[in-house]
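Below is one structure; the comments refer to it alone.
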Amino acid sequence: MGRSRSFSLAKLQLWNWISFIVVLLWSLLLRPACCQTCRIQRCNAEYVASFSLPGGLPEEAPPDVDHCIALRAYSLCTRRTARGCRGDLVYHSAVFRIKELFAQHNCSSDGPTSPARAPRVSQPPAVDTCDYEGRVLASGPGAQQQKYGHCGLFGDPHLRTFRDEFQTCRVEGAWPLIHNRFLSVQVTNVPVVRGSSATATNKITVIFKSYHDCTEQKVYQATTEDLPSAFQDGTRSGGKGGSLWIAENTGGSGGRHVMIHARYLGTSVIVRQVGHYLTFAIRVPEELAEENGGLQLCLHGCPSSEVIKAHVLTRQQGLRPPPRLLGGWYEEGGVEQGERTATSELPRGTAPHADMLERATTRCRETLQVEDVYFQSCVFDILTTGDLEFSMAAFGALEDLKALPPSTLRQSSARTPQVRGAAGAAAQPARLLTLLLPLLLLK
């Protein structure tokens with residue numbers, strides 16, 4: 001009887017093990033089929049998207065699409081989702097269709113597969129119409145060749161045009177520097193000394209015309225009594241995204257000045273106050289310096305009747321004999337009828353000091369640290385006005401040129417004057433006047 005009970009216990013344990021193994025196998029075999037999601041629709045979508053035109057059918061695929069790679073990726077996707085798709089008619093239809101397409105395109109099941117995703121087409125970044133540099137860069141490879149022009153007006157007055165021409169003009173009264181569909185600039189010049197033809201700028205008006213949605217029309221006006229840091233409507237900026245704004249600078253040796261930035265035009269303007277007068281400078285893209293058939297001093301220069309005769313920037317040849325010192329001022333023998341000398345630039349009855357040229361030369365050399373066309377203009381201004389402080393006009397113009405340089409900066413580099421002997425130092429003013437003499441001759 002004891003043996004029978006032991007046999008029954010062993011039989012029960014064996015049955016329990018068999019039941020456990022059957023339940024385990026059942027769970028392993030049937031659980032994926034019951035719980036795994038059928039993903040055949042995703043396989044179909046990825047296959048179509050892998051080579052179809054946007055919104056098109058597989059039959060409309062471009063000729064450079066590899067059907068075999070797409071089909072192998074399609075077949076791999078269906079095999080991965082096979083357990084979850086048992087009994088799904090869409091799945092079985094897809095498997096049957098894959099076999100047909102393999103035979104139709106003569107494809108092998110062995111080979112590379114590609115990710116069944118439609119390639120993304122990168123969209124070009126949106127161009128800000130109120131950013132000139134951004135518009136130029138988006139226009140193509142030629143953007144790197146964009147050139148800028150510089151125009152400046154200062155002193156008695158001296159004009160540097162967009163074409164790098166340098167003139168000294170009379171231009172008394174109101175004159176347009178720039179006038180086109182983007183902006184207008186007008187200056188007013190008045191006599192510096194009563195009885196003299198020397199003039200200087202006492203009023204500047206800058207009009208920024210409305211441009212798309214970037215800015216409405218803005219007007220800036222400066223006089224010798226008022227150098228505002230705002231437009232006439234009281235605002236310091238205009239348009240959206242900082243497309244037009246004003247910055248004021250009261251420090252530095254160049255004196256107080258205002259800078260206006262027009263981002264939508266790629267243009268910057270500097271208006272500077274020097275003593276009782278104003279100077280002007282602008283940097284603008286050459287393509288915006290338009291020809292409109294009218295008078296624009298920055299584009300064409302001064303009219304011939306207003307230009308000082310024989311304005312030569314460098315002394316090479318053909319200059320007249322050195323001047324001689326008479327009565328405390330410089331005159332030249334053989335002056336032709338109708339021409340003006342330095343004496344005629346001064347009011348009648350005025351006798352400057354005999355050392356004026358030397359003082360002017362020393363002051364300009366100390367102020368500018370260069371001896372180029374701006375140095376010559378500095379000496380010219382002091383000789384015609386007798387005001388040593390007028391040297392700051394040339395200094396401010398040179399600073400503006402550095403701040404707003406043209407694409408090709410045609411400017412002499414700074415150099416240290418050579419130390420000469422006593423005889424050479426005494427002869428230096430006469431040689432400099434010989435160099436400046438053409439600047440002192442007016443029509």
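The values are calculated or read from the model by the stated rules, or taken from the named source; none is laboratory data. The structure displayed is predicted, hence computed values, not measured ones. So basically every Cβ, Gly included, is an ideal-geometry build from the backbone, and we count neighbours across all protein chains shown. In case anyone asks, the SASA skips ligands and DNA or RNA and just uses the protein heavy atoms, side chains included. Shrake-Rupley method; radii C 1.70, N 1.55, O 1.52, S 1.80 Å.
Scanning the range 43-52 finds one or more residues that are at pLDDT 70 or above and of a type in the set (D, E, K, R).
Residues that are β-branched (Val, Ile, Thr), assigned to a strand (DSSP E or B) and touching a His at 6+ places or on another chain (Cβ under 9 Å) do occur in the range 166-183, at least one of them. Against the numbered list (1) out of contact with any Ser or Thr (no Cβ under 6 Å at 6 or more places or on another chain); (2) farther than 20 Å from Val274 by Cα, Val185 comes up short only at (2).
Criterion first (among the basic types (Lys, Arg), open to solvent by 10 Å² or more (accessible area, probe 1.4 Å) and within 20 Å of Asn202 (Cβ to Cβ)) does Arg256 satisfy it?
On the way: among the basic types (Lys, Arg): yes; open to solvent by 10 Å² or more (accessible area, probe 1.4 Å): yes; within 20 Å of Asn202 (Cβ to Cβ): yes.
Spelling it out, Arg256 is indeed among the basic types (Lys, Arg), open to solvent by 10 Å² or more (accessible area, probe 1.4 Å) and within 20 Å of Asn202 (Cβ to Cβ).
If you go through the range 130-142 one residue at a time, do you hit one that is assigned to a helix (DSSP H, G or I), modelled with pLDDT under 60, closer than 30 Å to Val269 by Cβ and under 56 Å from the mean Cα position of the chain (by Cα)? Among the residues of the range 130-142, at least one is assigned to a helix (DSSP H, G or I), modelled with pLDDT under 60, closer than 30 Å to Val269 by Cβ and under 56 Å from the mean Cα position of the chain (by Cα), which makes the answer yes. Can you find a residue in the range 228-250 that is within 26 Å of Glu366 (Cα to Cα), at pLDDT below 95 and open to solvent by 40 Å² or more (accessible area, probe 1.4 Å)? Among the residues of the range 228-250, at least one is within 26 Å of Glu366 (Cα to Cα), at pLDDT below 95 and open to solvent by 40 Å² or more (accessible area, probe 1.4 Å), which makes the answer yes. Out of curiosity, is Phe96 among the aromatic types (Phe, Trp, Tyr), open to solvent by 50 Å² or more (accessible area, probe 1.4 Å), modelled with pLDDT of 70 or more and assigned to a helix (DSSP H, G or I)? Taking the combined requirement at face value, the residue satisfies it. Of the set (1) without any contact (Cβ under 8 Å) to a residue 60 or more places away in the chain; (2) assigned to a strand (DSSP E or B); (3) not polar (S, T, N, Q), all apply to Gly234 but (2). Scanning the range 147-174 for residues that are charged (D, E, K, R), in contact with a Ser or Thr (Cβ under 9 Å, 6 or more places away or on another chain) and surrounded by 23 or more Cβ atoms within 10 Å (Cβ to Cβ) gives a single hit, Asp156.
Of everything in the range 215-227 that is polar (S, T, N, Q) and either modelled with pLDDT under 95 or within 25 Å of the chain's Cα centre (by Cα) (or both), the residue that is surrounded by the fewest Cβ atoms within 10 Å (Cβ to Cβ) is Gln217.
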